[in-house]
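Read through the structure below, which is laid out as structure tokens, and then see the notes.
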Amino acid sequence: MTVTDFEHIQAMRAAAAAGATNASTEHVQVVRAASVGEVTHPGSTEKLMHYWAEGEGAAKIGWGTPGSFRRCQVELGRHVRSDMVDGLCANLYHRATGTWPGRHDGGHK
């Protein structure tokens, strides 16, 4: 996603939050898809997921050690919308460790 794309999406989100009613359904769908990332830019999203689950970002988080989920929330909270960070961290935790965070039964369910 280019800076221009990002700025456009941010402007559309701000307009929607302000109650703008002139946004087309297509624009709303584009904004939602861009929030997910993997729909619009699967390669870039995979690189980021790899960075945080297995790469240099994973070293910052220390997956599977006490406090790793909270460290993820703090680190990624600087880059990701607050309503998305918990789910993203849960998915990264699962990818990095093979278990879901907070599960004491092995976390494979």
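As a footprinting exposure proxy, order Val74, Val80 by other Cβ within 10 Å, with the fewest listed first.
Val74, Val80
Sorted from largest to smallest, which semi-axis lengths in Å does the alpha carbon gyration tensor of the stretch 42-109 give for its equivalent ellipsoid, taking the root of 5 times each eigenvalue? Present the calculation step by step, with values, prior to reporting the outcome.
Values: eigenvalues 65, 35, 29 Å².
So the three semi-axes of the stretch 42-109 are 18, 13, 12 Å.
If you take the beta carbon distance between Thr45 and Asp83 as r and set R0 to 25 Å, what does 1/(1 + (r/R0)^6) give as a FRET efficiency, to the nearest 0.05? Could you put the intermediate results ahead of the total?
Working: r = 18 Å, r/R0 = 0.71.
With R0 = 25 Å, the Cβ-Cβ based efficiency is 0.90.
7 Å from Cα along Cα→Cβ at both Arg70 and Thr97: what's the point-to-point distance in nm?
1.4 nm
Here, each number is a calculation from the coordinates, and none is a lab measurement. Note that the structure is predicted; figures quoted are calculated from it, not measured. Positions of Cβ are backbone-derived with ideal geometry, glycine not excepted, and every protein chain shown enters the neighbour counts.
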